[in-house]
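Have a look at the structure below, then the notes.
The values are calculated or read from the model by the stated rules, or taken from the named source; none is laboratory data. Nothing here was measured: the structure is a model prediction, and the numbers come from that model. Ideal geometry is used to build each Cβ from the backbone, glycine not excepted, and the neighbour counts take in all protein chains shown.
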Amino acid sequence: MYKLIAIDLDGTLLNSYGEVSEATRKALIEAKNRGTEIVLASGRPISSTESIAIELGTDNYLISGNGAAVYDIKKQEIIYDRFLTKEQVLNIAKLCEQNSFFYNVYTEDEVIASSLSYNILFYHKENVKKIEEKRTHINVVQNIAEYIEKSGKEKFLKITVCDESKFIFNSIMKRLKEIEGIDVLEVAYMSKKKIKFGTEDIDIQYYYTEITNKNVNKWNAIQFLLDKLNIKKEEVIAIGDNVNDQEMIIEAGLGIAMGNSNPKTKEVADEIVSDNNSEGVLEAIKKYVLK
């Protein structure tokens, strides 16, 4: 029996519009009722991931910031963290601003950005469909570095850097890799998401990378939970689609890649299911948990 399922959100549990089907939600509840721990493992802030977890009824633990924090939803407290320091964030912010790179900073409860672009635009459109307490809190400020210096904030999950140009993005990656004490996510393809304007679908496409503290990944956060809950890695299913899901897909007893995953993620998976717009997560739960 699999005792824990770790599920990525964007590109995995959520479809291209940021939604979860009713059939998938019911399957998650049934798996939970049978004694399987369901853990959302996302790059989103804690508050955004928590609102989805509560809505789905998977409300014990969550993993946020690509493994930078584990949050106990019932106790409303962080029980594991590997945050970026303010000094690290300001150094990266300085580099981005000097080179006119678009970036945003994730804290426990908000995303700090200078405009509604790229990933921030997707969150903004997703928020329109949600009530206030379930929205991803987006804080648009004129100068991110200045805001962080004055805000008193000390806990930072990650930084996302985006650009539409492959040439400019490669330049961003080269400069970021020269900074010590951080991990820079290697993403060699464009993020592709959809938002609706009336009856029209609008594509949001961009190259991006995510920056965390050294040795932050989803599997290390899952391992913390396994030790706490006395669960063996062989009793874990991990489902994801992206480069930041690869460690947990490799290390879990059963690693599952979505049909929309990039080729490298598919290569390390034990199983490949349908894409995120075709109920891939539901397919996996039915086959390996509810059978």
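Structural remarks
- Residues satisfying the stated conditions in the range 164-185, i.e. charged (D, E, K, R) and either farther than 27 Å from LEU13 by Cβ or in a helix (DSSP H, G or I) (or both): LYS166, LYS174, ARG175, LYS177, GLU178, GLU180
- Within the range 32-49, the set of residues being surrounded by 21 or more Cβ atoms within 10 Å (Cβ to Cβ) and either in contact with a Ser or Thr (Cβ under 7 Å, 6 or more places away or on another chain) or in a helix (DSSP H, G or I) (or both) comprises ILE38, LEU40, SER42, ARG44, PRO45, ILE46, SER48, THR49.
- Note on the range 16-31: residues that are modelled with pLDDT under 95 and surrounded by 20 or more Cβ atoms within 10 Å (Cβ to Cβ) amount to 1.
- Under the condition of being over 14 Å from the mean Cα position of the chain (by Cα) and more than 21 Å from THR209 (Cα to Cα), the residues counted in the range 225-249 number 13.
- The set of residues in the range 215-236 being within 21 Å of ARG44 (Cβ to Cβ) and of a type in the set (D, E, K, R) consists of LYS218 alone.
- Taking the range 186-291 and the helices (runs of 4 or more DSSP H) fully enclosed by it, no element has 3 or more residues that are acidic (Asp, Glu) and under 27 Å from MET173 (Cα atoms).
- Within the range 135-163, restricting attention to residues that are part of a loop (DSSP other than H, G, I, E, B) and farther than 23 Å from PHE122 by Cα, the residue that is nearest to the chain's Cα centre (by Cα) is LYS155.
- The one condition in (1) out of contact with any strand residue (DSSP E or B) (no Cβ under 6 Å at 6 or more places or on another chain); (2) farther than 27 Å from SER100 by Cβ; (3) not assigned by TED's automatic domain parsing to the domain that holds ALA68 that ASP201 fails to fulfil: (1)
- Filter result for LYS192 (within 20 Å of the chain's Cα centre (by Cα), charged (D, E, K, R) and farther than 28 Å from GLN88 by Cα): yes
- Exclusive hit being buried (at least 19 other Cβ atoms within 10 Å of the Cβ) and of a type outside the set (Gly, Ala, Ser), set GLU178, GLU108: GLU108
- Set side by side, the residues PHE102, PHE167, PHE122 differ, and just one is free of Cβ contacts under 8 Å to residues at least 24 places away in the same chain and among the aromatic types (Phe, Trp, Tyr), which is PHE167.
- With respect to (1) without any contact (Cβ under 8 Å) to a residue 24 or more places away in the chain; (2) crowded, with 23+ Cβ neighbours inside 10 Å; (3) of a type in the set (D, E, K, R), the lone exception for ASP241 is condition (1).
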